[in-house]
1. Does the range 108-116 contain at least one residue that is surrounded by fewer than 24 Cβ atoms within 10 Å (Cβ to Cβ), more than 23 Å from residue 147 (Cα to Cα) and within 15 Å of the chain's Cα centre (by Cα)?
2. List the residue pairs whose Cβ atoms are under 8 Å apart, where the first residue sits in the range 1-29 and is in a strand (DSSP E or B), the second is within 8 Å of the ligand (Cβ to nearest atom), and the two are 6 or more positions apart or on different chains.
3. Which ones in the range 29-82 are out of contact with any strand residue (DSSP E or B) (no Cβ under 7 Å at 6 or more places or on another chain) and hydroxyl-bearing (Ser, Thr, Tyr)?
4. Out of everything in the range 66-83 that is of a type outside the set (Ser, Thr, Tyr) and within 10 Å of the ligand (Cβ to nearest atom), what residue ends up being farthest from the chain's Cα centre (by Cα)?
5. Pairs, please: C-beta under 7 Å, at least 6 apart or cross-chain, first residue in a loop (DSSP other than H, G, I, E, B) and in the range 85-113, second surrounded by fewer than 18 Cβ atoms within 10 Å (Cβ to Cβ) and hydrophobic (A, V, I, L, M, F, W, C)?
6. If I ask for residues that are more than 13 Å from the ligand (Cβ to nearest atom) and either part of a helix (DSSP H, G or I) or open to solvent by 60 Å² or more (accessible area, probe 1.4 Å) (or both), which ones from the range 32-45 would you list?
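The values are calculated or read from the model by the stated rules, or taken from the named source; none is laboratory data. This one's a predicted model, so the numbers in the text were calculated from it and none came from an experiment. Glycine also receives a Cβ, built like all others from the backbone with ideal geometry; neighbour counts cover every protein chain displayed. Accessible surface is based on the protein model in full, side chains and every heavy atom, while ligands, DNA and RNA are left aside. Shrake-Rupley method; radii C 1.70, N 1.55, O 1.52, S 1.80 Å.
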Amino acid sequence: MSQTIFILNGPNLNLLGTREPEIYGATTLKDIEAECASHCKSNGWTCDFRQTNSEGELVSWIQEAGVGGAALLINAGAYTHTSVALLDAIKSLDIPVIEVHLSNIFRREEFRHHSYVSLAATGVICGFGATGYRLALDAAGSQLSGNV
Ligand code: CA2
């Protein structure tokens with residue numbers, strides 16, 4: 001059976017491509033989902049791609065990834081910088097977790113420099129726009145194949 005990679009997206013990422021293109025690019029979340037689905041298919045993985053504006057729903061989905069997923073990619077949006085609940089959920093996982101950000105959070109406001117997700121993630125990819133999701137999938141694949 002093929003391995004499922006969960007790709008979870010947090011608040012406001014549904015707005016991608018509609019506003020602030022100078023920061024987040026012109027690509028929509030639907031475009032990113034299609035690119036991830038295609039890249040997963042080429043590698044023999046199943047892609048479970050989701051977005052929510054709710055912190056609690058993200059926590060539940062992280063727990064779900066821990067049960068049925070081979071790896072987790074997460075762009076937690078602004079909850080990255082605020083959520084101990086996400087940190088606790090990710091800490092309980094036993095699978096590779098790749099944190100993704102479209103923008104380079106370290107070139108932005110000071111409050112974006114701290115990430116609760118990073119405290120539990122296997123690794124972080126940020127600053128490469130939508131391409132970062134494909135890079136993160138490859139990073140997850142390397143982790144899964146032991147080629148780290
Ligand atoms: O760079 C990223 O991927 C972020 O996770 C995006 C979050 C931000 O709070 C993080 O610091 C970095 C914001 C996502 C909101 O995306 C929008 C896209 C278009 C219009 C408005 C918001």
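1. Going through the range 108-116, the residues surrounded by fewer than 24 Cβ atoms within 10 Å (Cβ to Cβ) turn out to be 108-116.
From the residues that got through so far, the ones that are more than 23 Å from residue 147 (Cα to Cα) too are 108-116.
Restricting the remaining residues to those that are within 15 Å of the chain's Cα centre (by Cα) gives 115-116.
Among the residues of the range 108-116, at least one is surrounded by fewer than 24 Cβ atoms within 10 Å (Cβ to Cβ), more than 23 Å from residue 147 (Cα to Cα) and within 15 Å of the chain's Cα centre (by Cα), which makes the answer yes.
2. 8/75; 8/76; 9/75; 9/77
3. 38, 42, 52, 54, 60, 79, 80, 82
4. So in the range 66-83, the residues of a type outside the set (Ser, Thr, Tyr) come out as 66-78, 81.
Okay, now just the ones that are also within 10 Å of the ligand (Cβ to nearest atom), so 74-78, 81.
Values: 74: 2, 75: 4, 76: 7, 77: 9, 78: 12, 81: 14 Å.
Out of the qualifying residues, it is 81.
5. Qualifying pairs under 7 Å: 96/144; 103/23; 113/106.
6. Taking the range 32-45 first, the residues more than 13 Å from the ligand (Cβ to nearest atom) are 33-45.
33, 34, 35, 36, 37, 38, 39, 40, 41, 42, 43 - these are the residues of the range 32-45 that are more than 13 Å from the ligand (Cβ to nearest atom) and either part of a helix (DSSP H, G or I) or open to solvent by 60 Å² or more (accessible area, probe 1.4 Å) (or both).
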